[in-house]
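Read the structure below first, then the notes.
No value in this document is a laboratory result; all are computed from the given coordinates. Computed from a predicted structure; not experimentally measured. In this analysis, Cβ positions are derived from the backbone assuming ideal geometry, glycine residues included, and neighbour counts consider all displayed protein chains.
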Amino acid sequence: MTEILRVEHLKKSYDGFLAVNGVSFSVQQGELKALIGPNGAGKSTCFNMLMGQLKPTEGEVFLDGENVTGKRPRDIWRRGVGRTFQITGTYQSMTVIENVQMALMSHNHRLFSVWPRAWKLYREEAFEFLETVSMADQADRPCSILAYGDLKRLELAIALCHRPRLLLMDEPTAGMAPSARIELMQLTADIVRDQGVSVLFTEHDMDVVFAHAHHIMVLNRGELIADGDAEAVRNNPQVQEVYLGGGTLFKEAADA
């Protein structure tokens with residue numbers, strides 16, 4: 001398999017406190033990989049360093065073999081990395097399809113040369129992305145009236161607009177009903193399978209993690225304590241002790 005992302009000895013320190021301490025891992029093409037851990041483990045800090053929102057204290061980040069450590073978020077985005085956030089950030093005053101059209105205009109460098117015909121640009125292509133996330137039937141609805149789960153699917157469509165090779169998803173199912181969580185992650189798994197996109201996601205719902213992730217990494221107090229398939233992580237004594245208090249939730253996830 002082709003390596004899309006490689007992280008080497010990544011650290012982030014705040015006045016002597018190590019939020020992330022020497023983390024190393026890789027993500028392969030077409031891999032759906034989870035990064036889990038208790039609150040404060042360092043997951044969001046790690047994500048922010050990968051995407052350029054934070055500069056590492058030490059360590060390096062490689063995308064397709066190119067060192068992108070410390071580059072601006074926009075530069076990393078242009079190199080094929082997309083991101084969705086725990087809290088959605090769509091334009092509420094626009095329709096569903098207009099949000100996707102805006103993303104396509106940005107991808108095609110048309111944000112400053114579109115008026116007065118912006119509403120016509122990339123509309124057919126935008127419909128295709130909405131069909132990918134099963135939102136084409138809601139194309140002309142205002143985002144302000146969408147259910148939260150639909151906003152999450154729209155955000156995924158927007159992230160896919162520049163056809164990323166790597167997609168970072170920060171707690172993609174947070175705030176969603178259980179059935180909607182399953183639908184969104186199955187949709188993500190289908191995209192990984194059909195398009196070869198690599199996905200790295202953080203998540204607190206163990207049912208989601210164990211049902212869909214090809215591999216799972218576990219952070220605790222800024223350190224990576226496990227990296228393997230579901231069975232290896234589920235049976236890791238250190239993970240059971242520090243993250244799930246003896247492994248009860250692991251068993252429930254396995255039996256679900």
Handout entry: Counted charge near V197, where neighbours are those whose Cβ lies closer than 11 Å (Asp, Glu -1; Lys, Arg +1)
Key = 0
Exercise for the section: Report, in debye and to the nearest 20, how large the dipole of the chain comes out about its Cα centre when Lys and Arg carry +1 and Asp and Glu carry -1 on their Cβ. Expected result: 960
Problem - For the range 136-179 versus the range 19-85, the gap between their alpha-carbon centres in whole angstrom - result: 21
Exercise for the section: As a check on your grasp of the helix formula, calculate [θ] at 222 nm for the chain: sum -39500 (n - 2.57) over DSSP H runs of n ≥ 4, divide by the residue count, round to the nearest 500. Expected result: -10500 deg cm²/dmol
Fill in the blank from the handout: Matching label for the computed volume of the Cα convex hull per residue in Å³, out of [x] 119; [y] 130; [z] 177, is [y]
Exercise for the section: Among DSSP beta bridges lying fully in the range 113-236, give the percent that are antiparallel, nearest 5. Expected result: 50
Practice task
Under 11 Å from a label point 7 Å along Cα→Cβ of D190: give me every residue in the range 133-148 with its amide N that close.
Solution key: 133-135
Exercise for the section: Take every DSSP beta bridge whose two residues both sit in the chain, then give the antiparallel share in percent to the nearest 5. Expected result: 55
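Given contacts defined as C-alpha pairs under 8 Å and at least six residues apart, what's the relative contact order of the chain, whole-number percent?
Values: 470 pairs, mean separation 65.2, N = 256.
The normalised contact order for the chain reaches 25 percent.
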Problem - Burial order of peptide ranges 160-170, 12-22 (average beta-carbon count within 10 Å, highest first) - result: 160-170, 12-22
Problem - Hz values of 3J(HN,Hα) by residue in the range 199-209 - Karplus curve (6.51, -1.76, 1.60), Gly and Pro given as x - result: 10, 10, 9, 9, 6, 9, 7, 5, 4, 4, 4
